Amino acid sequence: CVNAVGVDVNTASVALLKRVSGLTASVSENIVAYRNENGSFKNRQALKKVPRLGDKAYEQAAGFLRISHGDNPLDASAVHPEAYPVVEAILVDTGKSIRDIIGQSQFLRRLDPSKYVSAQFGLPTVNDILQELEKPGRDPRPEFKSVEFTAGVETINDVKPGMRLSGVVTNVANFGAFVDIGVHQDGLVHISHLADTFIKDPRNAVKTGQVVTVTVLSVDAERKRIALSMKTVVDPSEVEFKQAKPNKNTVPVAKPKPSNEPVKTGAMANAFAKALKK
């Protein structure tokens, strides 16, 4: 799973890039085209110059797009750009540069993670960042629990509102978490549906690689959007059971008005018809 390992944005093909959460086939093509025209990306911020790669797509994909030997060593790690302020706070506090601390396990393990907790970044997030700094770019696949996807649910067209499915968290953002449910299109669990109680930071509820059970709230196959919930009990009113819309081009056929006269057949009917004509 490329979302678990990450991809080198300066060498990845279109086929590989489009498997990254948030990147469509057309955006992946634009990344390669931009790279061919302008040279290698020097930092993750440069990705924002790619046509049609908007803020939402960037937020979802940036943590999986790695840039080796770029301007910022963090761009080669799994640390999401949103979490860079945590690392910057560590650098200010210790008086060191990023190159001084990255990969320095003994030094990093002596730090107090709770010192860098804020309203935006919870303790689990800070711990994840410190672990990534210890061994940037590590392959996390051995740490991932395997998930058994639901049989018969293989494409977005197989996903129906109300279904309970198993999945694995592929990315955590400020507004919620993305979950792979085995249909080649990650679903979104909005922050309001990550837990039964109110939470401020999605990272306090879930982390990348976590195996979860979700309820499908709605499916928009045309726009490739799946809304999910991780609540223990989902209010039925929040599940959108969409009815098939009538075809606008179909012309309604008028039904004949019922007649009170009995249906007449055979010779008697013919005789009766002749009598009426007289």
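The values are calculated or read from the model by the stated rules, or taken from the named source; none is laboratory data. The model shown is predicted, which means the values in this text are computed figures rather than measured ones. Positions of Cβ are generated from backbone atoms using ideal geometry, with glycine treated the same way; all protein chains shown enter the neighbour counts. Quick note on the areas: whole protein, heavy atoms, side chains included, nothing else; ligands and nucleic acids left out. Shrake-Rupley method; radii C 1.70, N 1.55, O 1.52, S 1.80 Å.
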Criterion violated by Phe41 - all others in (1) assigned to a helix (DSSP H, G or I); (2) touching a Gly at 6+ places or on another chain (Cβ under 8 Å) satisfied
(1)
When region 38-73 is examined, which residues are found to be more than 20 Å from Thr24 (Cα to Cα) and without any contact (Cβ under 8 Å) to a residue 60 or more places away in the chain?
Asn38, Gly39, Ser40, Lys42, Asn43, His69, Gly70, Asp71, Asn72
Hits in region 183-201 - residues which are farther than 19 Å from Thr24 by Cα and not polar (S, T, N, Q)
Val189, His190, Ile191, His193, Leu194, Ala195, Asp196, Phe198, Ile199, Lys200, Asp201
How about region 181-199: which of its residues are of a type in the set (Asp, Glu) and either surrounded by fewer than 16 Cβ atoms within 10 Å (Cβ to Cβ) or modelled with pLDDT of 95 or more (or both)?
Asp196
What residue, among those in region 46-63 that are surrounded by 15 or more Cβ atoms within 10 Å (Cβ to Cβ) and small (Gly, Ala, Ser), is farthest from the chain's Cα centre (by Cα)?
Ala46
Given the criterion on the phi > 0 side of the Ramachandran plot and modelled with pLDDT of 90 or more, identify the matching residue among Gly162, Gly137.
Gly162
Those helices (runs of 4 or more DSSP H) completely within region 70-136 that have 1 or more residues that are within 29 Å of Gly176 (Cβ to Cβ) and open to solvent by 70 Å² or more (accessible area, probe 1.4 Å) are 84-94, 123-134
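Across region 200-218, which residue is modelled with the lowest pLDDT among those that are outside any helix (DSSP H, G or I) and open to solvent by 30 Å² or more (accessible area, probe 1.4 Å)?
We begin by selecting, within region 200-218, every residue outside any helix (DSSP H, G or I); these are 200-201, 205-218.
The next check asks that each one be open to solvent by 30 Å² or more (accessible area, probe 1.4 Å); those that pass are 200, 205, 207-208, 210-211, 213.
Details: Lys200: 90, Ala205: 89, Lys207: 86, Thr208: 80, Gln210: 86, Val211: 88, Thr213: 93.
The residue in question is Thr208.
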From the list Ala62, Ala57, Ala76, which one is out of contact with any helix residue (DSSP H, G or I) (no Cβ under 6 Å at 6 or more places or on another chain) and at pLDDT 90 or above?
Ala57
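Return a yes/no flag: does region 81-97 have any residue that is in contact with a Gly (Cβ under 8 Å, 6 or more places away or on another chain) and in the same structural domain as Gly22 (by the TED database). If you could, list the steps in order and put the result at the bottom.
To start, the set of residues in region 81-97 that are in contact with a Gly (Cβ under 8 Å, 6 or more places away or on another chain) comprises 81.
Still in the list and also in the same structural domain as Gly22 (by the TED database): 81.
Yes: one or more hits.
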Filter result for Thr150 (modelled with pLDDT under 90 and open to solvent by 40 Å² or more (accessible area, probe 1.4 Å))
yes
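State the number of residues belonging to region 23-45 that are open to solvent by 20 Å² or more (accessible area, probe 1.4 Å) and within 17 Å of Val79 (Cα to Cα).
Keep residues of region 23-45 that are open to solvent by 20 Å² or more (accessible area, probe 1.4 Å), which gives 24-26, 29-30, 32-40, 42-43, 45.
Remaining after also requiring within 17 Å of Val79 (Cα to Cα): 42-43, 45.
So the count comes out to 3.
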